[in-house]
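What follows is calculated from the coordinates using simple rules that are stated; it is not laboratory data. This structure is a prediction, so every number in the text was calculated from the model and none was measured. Virtual Cβ from ideal backbone geometry, glycine too; neighbours counted across all protein chains shown.
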Amino acid sequence: MADLRALQNEVSSKIKEAQSAKAIEEIRIAFLGRKGKIANLFGAIGSLTPDRRKQFGHDLNELKSFIESNLTEKLKSLSSESKGEDPYFDPTLPGVSPRVGRLHPITQTIREISDIFVRLGFEVVDGEEIETEFHNFTALHIPLDHPSRDAFDTFYTDSGYLLRSQTSTVQIRQMKKRKPPLRIIAPGKVYRPDAVDASHSFMFHQIEGLMVDKSTAFSDLKGIIHLFLRTLFGKKVQMRFRPHFFPFTEPSVEVDVSWGKGWLELLGAGEVHPSVLSAVGYSPNRVQGFAFGLGVERIAMLKYGIHDIRLFFENDLRFLRQF
Ligand code: PHE
């Protein structure tokens, strides 16, 4: 018994001192090898009296697994230490940071505008870009001979569809599938065959707004637009409602803004025409609504002082990185 304890102390201190995998292996051979100390002691069991054999064999087995587990542990700690000793590893160097992208200024503007209306209880909805004449014109009370229906003003497909030229299509789609009251805004792309220049693009973005309820008066429209413009542009902005004509609203207005010098046309709006309400199965005698439509690029250009709409669509990172 005393021998085994001495042996255990001996192997423990050897393992403690070992500084390499090679030294560990040497200890393993010396103690656990075929001709090692433990094997020798097992060989000597036969010389013991039968009543001591069992106890000694048991102690010997315990010592053997003690040595085994200590060797494995030491080997593990040696290899993890050596990683820290890597002369090329410098934990003070900055890591490799991924290039972070950003949202396009048009997307940012859409989100900013949407947020304002969401706070006023409007819901953001989506619509299709490939549309029918019914949704883009007929249901919106636009007569058959209206110039906007002309192929010079709208892109038609060969199979009788068109690329929507305004987001007012979403009003129709939403009213057709839902019952009033309704408070929605619909941001999205629209298409018009315009020659591209500093202020025109064949594709641009609009945000359509629509509110329908029992009594949704022109004064409600005015209040909401006023609040919206002040939130977006600050309290100094002035606004003006100028009488206008849209087939789908009556009365109709264009809203201009100013900061003191001159007026800038910003959006179209009006009270939803009774014929539009009828076209979607609403009763003009029971409900009333207002609608507005605004151009996102124009607002972004105003906000950021951009003078050429083409910059938005050229994918020039020198431009986009500024937002
Ligand atoms: N759809 C109109 C346009 O594209 C804008 C508008 C929307 C006007 C809703 C009135 C009401 O010019």
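For the chain, with equal point scatterers placed on the C-alpha atoms only and solvent neglected, what are the log10 I(q)/I(0) values from the Debye formula at q = 0.10, 0.11 1/Å, to two decimals? Results for the chain at q = 0.10, 0.11 Å⁻¹ read -0.67, -0.78.
What does the net charge come to around Phe233 if you take all other residues with beta carbon closer than 15 Å to its beta carbon, with K and R at +1 and D and E at -1? All intermediate terms of the calculation are to be shown ahead of the outcome.
Working: positive: Arg230, Lys235, Lys236, Arg240, Lys261, Arg298, Lys303; negative: Glu112, Asp115, Asp256, Glu265.
Local charge sum for Phe233: +3.
In this rough spin-label picture, where each label sits 7 Å from Cα along the Cβ direction, the Val118-Arg178 distance is 1.5 nm. Net charge of the neighbourhood of Ala186, taken over other residues with C-beta under 10 Å away and scored Lys/Arg +1, Asp/Glu -1, is -2.
Among residues other than Ala30 with Cβ under 14 Å from its Cβ, the summed charge is +2 (Lys and Arg +1, Asp and Glu -1).
If only the Cβ of Lys and Arg carry +1 and only the Cβ of Asp and Glu carry -1, the dipole of the chain around its Cα centre is close to 1280 debye. Between the alpha-carbon centres of the range 273-293 and the range 214-264 there is a gap of 20 Å.
Sorting the segments 128-137, 165-174, 41-50 by their mean number of nearby beta carbons within 10 angstrom, highest to lowest, gives 165-174, 128-137, 41-50.
Once you reduce the range 1-63 and the range 166-189 to the center of their Cα atoms, the two points are 86 Å from each other.
For a paramagnetic label modelled on Asp316 (point 7 Å from Cα along Cα→Cβ), amide N atoms under 17 Å away belong, within the range 184-224, to 196-201.
Once every DSSP H run of n ≥ 4 in the chain is given -39500 (n - 2.57) and the sum is divided by its residues, what mean residue ellipticity at 222 nm do you get, rounded to the nearest 500 deg cm²/dmol?
Details: 11 runs with 134 residues, N = 323.
Value at 222 nm, helices only: -13000 deg cm²/dmol.
Over 20 Å apart at the Cα level, from the set Lys189/Lys261; Lys177/Lys214; Lys176/Lys222, are Lys189/Lys261; Lys176/Lys222.
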